[in-house]
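Below you'll find the structure, written out as structure tokens, and then a few comments.
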Amino acid sequence: MPLLRVRTEIDDRPGRLAVLTAALAARGANILDLSVQVDADGVVDEFVVDVPTGVTAEALTAAVSVASGRRTSVVPAAPQELIDEPSRALSLAVRLRSNPRALPEILAELLRADGAEWVAGPAALDDHPDPTTVVVSAGHLHGVLLHREGLPFTLTEIARANALVRSLLPSHGPAPTRQRLLLGDGTEITVRPLTPLDAEAVRDLHARCSLESRRRRYFSARPDTPERLLRVFCDRAHGLTTAAEGPDGSILALAHLMYTLDPGVGELAFLVEDGWQGRGIGAALARHLVAVAHEQGLAEVRATMLADNTRVRALLGGLGGRFRASDDPRLLEARIALGPGRTDDPRPVRVRSVR
């Protein structure tokens, strides 16, 4: 008998699932698999059913509609899809471990997407209003764009995709303690891990930064910070984002050490408020995060920058960065090797822990 996958949205009320399964049974559908997912507008139920020959997708859609199902989709299913979701996700995680660069095709298989591709730069940051398209973050300014024709992604599916990416990232230790760094001109700043409570302060920082500063940070003059990006910054599974506070307590800079899919490799990025640029804060934060990366056992840190960003090129070159061109002629990549043989910067920043 034919196998079909039925997905529909129902109200999250007691008894609704029973009414829905009874409607399918009335059409002779035998339920072989059931998945209940959460979405912003309600609960999405997904069934794999076998049906008698002659029962059409249109007939099942009509039966589900009578049972108050909304936005119903009925598509053919394959026998191999009957593997339970946890087993399927675990097998995909094993494949991903052995071939991290296959992430797009593996995420497409996980979410049964029609297409998946790598995206970088601003395209990796944007939230998509079309629910049939989603970007899964996979490192700093990198992500995978997935599309599924006519079938919106649920919040549960997006959470599964993010969890699969996190399973590939290195384990992390405790976040560094709150510290004070003394700049070369004697100014003392406080460096601490970013938290979700900093959302408004981060938005204020971006508003105070010039279009040029934002262009150098994100490769486009973004007017704001997407909420999804802020969640990634605060998620220790994706890396460490530190906030630098000035004497008045406002956030004047952000520095990121984000994990990548390449084992033992982290990626650096910085945003410094215009009025604080040129005072050594970027160098202080860079040396601080390189030390954190070394303590965490990373073998290398990288940074991607616009080729005309001479200030960051000089900063990373002073830390031993080696530069190479990227596939995008606008961009350069700096690589800083870490490891047992690395010597400290000859001009260390003075650091004091805050108790």
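The values are calculated or read from the model by the stated rules, or taken from the named source; none is laboratory data. Being a predicted model, the structure only gives us computed values, none of them experimental. Quick reminder, even Gly has a Cβ in these numbers, built from the backbone with ideal geometry, and neighbours come from all protein chains shown. To get the accessible areas, we keep the full protein, side chains included, count just its heavy atoms, and leave off ligands, DNA and RNA. Shrake-Rupley method; radii C 1.70, N 1.55, O 1.52, S 1.80 Å.
Annotations for the structure displayed:
- Of all residues in the range 308-335, those satisfying the criterion of being outside any strand (DSSP E or B) and charged (D, E, K, R) are D308, R311, R313, D327, D328, R330.
- Filtered residues of the range 16-55 (kept if touching a residue at least 60 places away in the same chain (Cβ under 8 Å) and of a type in the set (D, E, K, R)): D39
- Helices (runs of 4 or more DSSP H) lying entirely in the range 42-159 (those with 2 or more residues that are surrounded by 15 or more Cβ atoms within 10 Å (Cβ to Cβ) and β-branched (V, I, T)): 57-66
- Among (1) open to solvent by 60 Å² or more (accessible area, probe 1.4 Å); (2) at pLDDT 90 or above - the single one D344 does not satisfy: (2)
Residue-by-condition table, conditions (1) closer than 28 Å to V134 by Cβ; (2) under 24 Å from the mean Cα position of the chain (by Cα); (3) open to solvent by 20 Å² or more (accessible area, probe 1.4 Å); (4) not small (G, A, S):
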site	(1), (2), (3), (4)
G239	yes, yes, no, no
D248	no, no, yes, yes
L257	yes, yes, no, yes
V265	yes, yes, no, yes
G278	no, no, yes, no
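- F270 vs. criteria part of a strand (DSSP E or B), within 25 Å of R313 (Cα to Cα) and either open to solvent by 10 Å² or more (accessible area, probe 1.4 Å) or modelled with pLDDT under 90 (or both): yes
- When each of R335, R313 is tested for being more than 26 Å from D274 (Cβ to Cβ), among the basic types (K, R) and either open to solvent by 30 Å² or more (accessible area, probe 1.4 Å) or in contact with a Leu (Cβ under 8 Å, 6 or more places away or on another chain) (or both), the lone residue that passes is R335.
- Number of the exception - T190 against (1) in a strand (DSSP E or B); (2) of a type in the set (S, T, Y); (3) surrounded by fewer than 14 Cβ atoms within 10 Å (Cβ to Cβ): (3)
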